[in-house]
1. Through the Karplus equation 6.51 cos²θ - 1.76 cosθ + 1.60, θ set to phi - 60°, convert the phi angles of segment 222-238 into ³J(HN,Hα) values in whole Hz; use x for Gly and Pro.
2. Quote to one decimal, in nm, the extra length available between MET101 and ALA77 on full extension: 0.36 nm per residue of separation minus the C-alpha distance between them.
3. At 1.4 Å probe size, with no ligands or nucleic acids counted, give the accessible surface of MET101 in Å², nearest ten.
4. Straight distance only, please: which aspartates and glutamates reach the Cα of LYS119 with their own Cα at less than 19 Å, same-chain residues fewer than 8 apart left out?
5. Trypsin sites (Lys or Arg not before Pro), restricted to segment 184-251: which are DSSP loop and have at most 15 other Cβ atoms within 10 Å?
6. Can you list the residues, at least 5 places off or on another chain, whose amide H is less than 5 Å from the amide H of ASN230, using H built in the peptide plane?
7. To the nearest 0.05, what FRET efficiency results for GLU59 and GLU149 with a Förster distance of 25 Å applied to their C-beta separation?
8. Can you pull out the GluC sites (Glu not before Pro) in segment 28-111 that DSSP calls coil and that have at most 14 other Cβ atoms within 10 Å?
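The values are calculated or read from the model by the stated rules, or taken from the named source; none is laboratory data. Since we're looking at a predicted model, the values are computed, not measured. Note that we place each Cβ from the backbone using ideal geometry, even for glycine, and neighbour counts take in every protein chain shown. For the accessible areas, the whole protein counts, side chains as well, though only heavy atoms, and no ligand, DNA or RNA atoms are used. Shrake-Rupley method; radii C 1.70, N 1.55, O 1.52, S 1.80 Å.
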Amino acid sequence: MKNKHLLILFLATAALGLLARRFPWFRAHVFQTDLIAVDTASVTQISVFQPGEPELLLERTEGGWAAAQEMRAVTVAPEHIAPVLAALSSIRSLRIVKTAMPDTLGFSGKKRVQVVVLKEGDLLEQFEIGDEILENGQPATFIRLNRHEGVYLVESHLRGIFSKNLDDFRENTIARFDPSTVRAVALERPDSMPVFFQKNDSTGYWETPGKVAFPNDSVQIWLNLFTRLNGSPYADHFDESRARETLDSRITLYLATSDSLVFSVFYVKPPDLPEELPLSKIKTLPLYVLHSSQNAANYFAPPDTALLRRICRGAIPTDTGKRTVSGKTPNAQ
């Protein structure tokens, strides 16, 4: 090959490389590439806009990531923010999509998800997420970048990663403990005397200060009920300033392996509901609200009120399950 031909081939290759660097629409035609590649270490804010939903703001703080929506904010666990950051670091294009009707690909106002990525207020990336499909048997998603025209098909399904609301970043675990590590229990109600009982390791029974004892099996069955409260819906409209007057009962579990756990149950009668709530919302609000010291940032509304009453009032077995430390039943003559 003559030197002239080599020079022409070199110049053509260089031109292709320059176009691929300057114009994402061109390189998408030529080969797969990182259409979006954000340095996530520099990202400070991520805003997500979904149809019919208020803005979800993810923000980096000194203590980690936080999520905010409708005047409420929660801490975001690292495992929850990780998929979002991983997606932003590498969204690879499969091909450019030529279409005159982008709405048919999921970009209508009723369906598209908009994502805005900022660094200290400066725009790093902005794009819209459309429909998800399978391309050659592999998950793929249509996206549209705001910095230039064009719709792209990219690797992976992205809607589930970014279509979040505040509840997706909240921890809805109410009770997480090993019942075998509980060594003592305190039950308190505003209208009665507190009840306290603890496990006697030498006898295997649970005893009150009055030396009335309960079988360990009965107490363990009761302690296992607490985990059934996990996954309860949030009670965001509970008025914390009324906690003292609406308190129905409080249960404290003293653990051998960690600090004590406190579960507070509130009975919210209709007059205590916020006045600004519409009637339709009031009809759906629960009568009982639960707070756990293991999840201090949230209040919950367990839908199974029978379970909640059993936990609050069913800790002490009936007389047939009791005995005195001497081995006689409490009423024995």
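1. Per residue, the Karplus-derived 3J(HN,Hα) values read 5, 5, 5, 5, 4, 5, 6, 7, 4, x, 5, x, 7, 10, 5, 8, 5 Hz.
2. Details: separation 24, 0.36 × 24 = 8.64 nm, distance 3.92 nm.
Stretched out fully, the MET101 to ALA77 stretch lengthens by 4.7 nm.
3. 120
4. Qualifying aspartates and glutamates at Cα under 19 Å: ASP39, GLU55, GLU59, GLU62, GLU128.
5. For trypsin sites (Lys or Arg not before Pro) across segment 184-251 that sit outside H, G, I, E and B with at most 15 neighbouring Cβ atoms in 10 Å, the list reads LYS211.
6. ILE174, ALA175
7. Numbers: r = 30 Å, r/R0 = 1.21.
According to the calculation, E is roughly 0.25.
8. Hits after loop and neighbour filter: GLU55, GLU62, GLU70.
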